[in-house]
Amino acid sequence: VAITAGNYFMDACIETWETKTASLKDNRCGGSERAGFSTQGEELSGTFWQNNVAHSCLWGIFVRKSKHDVVKLNKMSLWQNYDFGVAHFSTSSLVVQDCVLADNGRSIFNMVVGPNPLDHTLTNKYVEYKNTLIYGRRDDSSCDERKTDVNPTSKLTGIGYHPPVAGKGGRVGMFLSNFIGGFPGWPKFAITSPMTYSSIKGITTINGLTIANFGRCNDVVISDLRSNGDCFHPVKMSGMTYSGVDMESNLLHMNNPSLGFVNSADCVDMPCDAKKKILITDLDGTTLGKAGDTLTSRSEFQWDSGDQRWGMGDYRIPNQMTTLLNGSFVKPSNWPNKGIDRVLNGDTKCEYKENYNMYKCSGVTYKMLVIESMDGDTELRRLSPLALATDDGSVDLINGPMDHGWCGGYTCQQRISTFYALVIVGKEYKLYLTSTQPQSMRYMLIDAAAGDKIKLDIWYSKSQRLDVYYKGKYKAPTNAQKKADGSYSYATDKTAEELYPKLSSAAGTNFFDSKAHWMSMIIQGSDPFTIKTSPKVGAKDFDTILSFHDNIFAQITRRNID
């Protein structure tokens, strides 16, 4: 392959990216100045890819803009590739199975593209690694072997490109998957920079892998991508085997948020959330030692540092949380546990692992909660920081994603109001927004089992009627009685305390306490729940709901005369 500094198209020994039906068996690619294979990959049900090898290339295999729903990379050997063994940039989900990835700079890196979260479309895209060997480094290799005066990544692939490194600077087995709303800006920008919002949903499953020789040179099995500021979707692991891996120092390392992103063109005045809401679950204990153990981020990073450049601290807690309706002040010290909730039944369930830069938690089940504004001004009106609090003393701050727009050569000063939080299944939470609530909000637990549930109380500043929809159907509140004509009456003799949902209540059970300004709802399973603000207001002494679109004065006058 010809060496051309301005060539961004990742020419390969074998190129099949213009066809969906290529058959690749027993091919050997070595020494390519760019990729060994450039391809759409094989569809999930295919049987036409076997025993292909790429070694000593810049990238082993480059999957680009595939038209398959799911791309399968099957029975491949990818070794001693300088940057990536597998580089996936496609709208397809990805399955890597029965492969050998050895001695690569970074064995697996992927970006799963679409749908755009501005469309509010939900899809079940995923990444799955199974029955594969990832071998970190040869025993006879030097830790300095790639620290040379000549950097082939910049010399040969042109401007706007730099491969990611681990938080510790060594090799990486797997980067956390990046589920993003659009293709990255490569080649104008770095191919490893998302340059777009994260997709709403995504899940990575790692099963049956053998991990070997990650025991030195600051190599790590798993790391995050420094340039992703928005979201890393959940990861599940099981059936893992480790050999020659220092499980304390070389299993994983996650980066802290970047102060460089705390500016008006990116995350504005506090860090974005990708590095602060990572969730990795060990399903069977083969990685963390006990089935169900999890790793969660240090979301409270810089909270109590006193360095206001980070915009973190008690002063960022929304005023609604620290001010009662009678005007009295509630001290932030009522919530001593900063960051992701780590308390269940009065006991702290997590310990901080410095080498991981994460908390290891036992005896609790975490899920990722999506909080999404459905309004048309989702990019224009800022709602954050959000505060997610518990009655047993925890509070977490949520900022939201970065500004990814370009307007006349400058950033657009727009950020989508889609937020990600980590919650413990079976607990009750209170949510506060810094701004007023949107007209329509959607909530969802990612990858939740049918029985996984939380109770979420959401503070509203206005007293308009709130309608809950679950699986496309209206869920009447606990104070509603259905009339013979199919309409509802909302008058009741029950007290508010009797009407609030319990954790034992069914999915979608809800009640809006207009006096206390709390909307309480049970969120259960992985289906979304939508709260819509109705253009109606409750009149205190009347058992009817008065429409803003009607003549309210006429209705009130008529009722008083009658």
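Assorted remarks:
- Angle in degrees between helix 552-561 and the longest Cα principal axis of the chain, rounded to the nearest 10: 30 degrees
- Cross-link table Lys455/Lys502; Lys430/Lys453; Lys430/Lys455; Lys453/Lys482; Lys353/Lys453; Lys236/Lys455, entries beyond 18 Å C-alpha to C-alpha: Lys453/Lys482; Lys353/Lys453; Lys236/Lys455
- Straight Cα distances below 19 angstrom link Lys290 to the aspartates and glutamates Asp246, Glu248, Asp282, Asp347, Glu351, with same-chain residues fewer than 8 positions distant left out.
- Structure-derived Cα extents along the principal axes in Å: which label, when the choices are [x] 91, 47, 45; [y] 76, 69, 44; [z] 83, 56, 51: [x]
- Amide hydrogen proximity for Met312: with H placed 1.01 Å from N in the peptide plane, no residue at 5 or more positions away or on another chain lies under 5 Å.
- Of all DSSP beta bridges confined to the chain, the antiparallel ones make up roughly 45%.
- Hull-based mean projected area of region 1-132, where the convex hull spans the alpha carbons, in square nanometres: 8.2 nm²
- Cα centroid of region 89-120 to Cα centroid of region 472-511, whole Å: 44 Å
- Ligands, DNA and RNA left out, the accessible area of region 283-402 computed with a 1.4 Å probe is 45% carbon and sulfur.
- The sum of -39500 (n - 2.57) across all DSSP H runs of n ≥ 4, divided by the residue count of the chain, sets its helix-only mean residue ellipticity at 222 nm to -1000 deg cm²/dmol.
- Summarising the amide proton neighbourhood of Leu252: residues at separation of 5 or more, or on other chains, whose placed amide H is nearer than 5 Å comprise Val221, Ile222.
- Taken about its Cα centre, the chain carries a charge dipole of roughly 660 debye when the Cβ of each Lys and Arg holds +1 and the Cβ of each Asp and Glu holds -1.
- Apportionment of accessible area to carbon and sulfur, region 408-530, percent (1.4 Å): 49 percent
- Sequence-distant residues sharing a close amide H with Val245 (under 5 Å, placed H): Asn213, Phe214
- Couplings 3J(HN,Hα) of region 276-288, computed from phi: 9, 9, 7, 9, 10, 10, 9, 6, 10, x, 6, 10, 9 Hz, in residue order, whole Hz [Karplus 6.51 cos²θ - 1.76 cosθ + 1.60, θ = phi - 60°; x for Gly and Pro].
- Of all aspartates and glutamates in the structure, those lying under 16 Å Cα to Cα from Lys532, and not within fewer than 8 positions of it along the same chain, are Glu372, Asp375, Asp377, Asp457, Asp467, Asp513.
- Karplus-derived 3J(HN,Hα) values for region 340-349, using 6.51 cos²θ - 1.76 cosθ + 1.60 with θ = phi - 60°, are 4, 4, 10, 10, 9, 6, x, 10, 6, 9 Hz; glycine and proline are entered as x.
- Å² per residue, accessible surface of region 220-349 at 1.4 Å: 39 Å²
- Whole-Hz couplings from phi, Karplus 6.51/-1.76/1.60, listed for region 313-321; x for Gly and Pro: x, 4, 5, 8, 5, x, 4, 4, 7
- Among the listed pairs Lys168/Lys201; Lys25/Lys65; Lys349/Lys427; Lys168/Lys349; Lys75/Lys168, those with a Cα-Cα distance over 24 Å are Lys168/Lys201; Lys168/Lys349; Lys75/Lys168.
- Three-way shape call for region 340-485 based on the alpha-carbon gyration tensor, with the a/c threshold at 1.5: oblate
The values are calculated or read from the model by the stated rules, or taken from the named source; none is laboratory data. Bear in mind that the values here come from a model prediction, so they are computed numbers and not experimental data. Every residue, glycine among them, receives a Cβ derived from its backbone with ideal geometry; neighbour counts consider all protein chains shown. Surface areas here come from the heavy atoms of the whole protein model, side chains and all, with no ligands, DNA or RNA. Shrake-Rupley method; radii C 1.70, N 1.55, O 1.52, S 1.80 Å.
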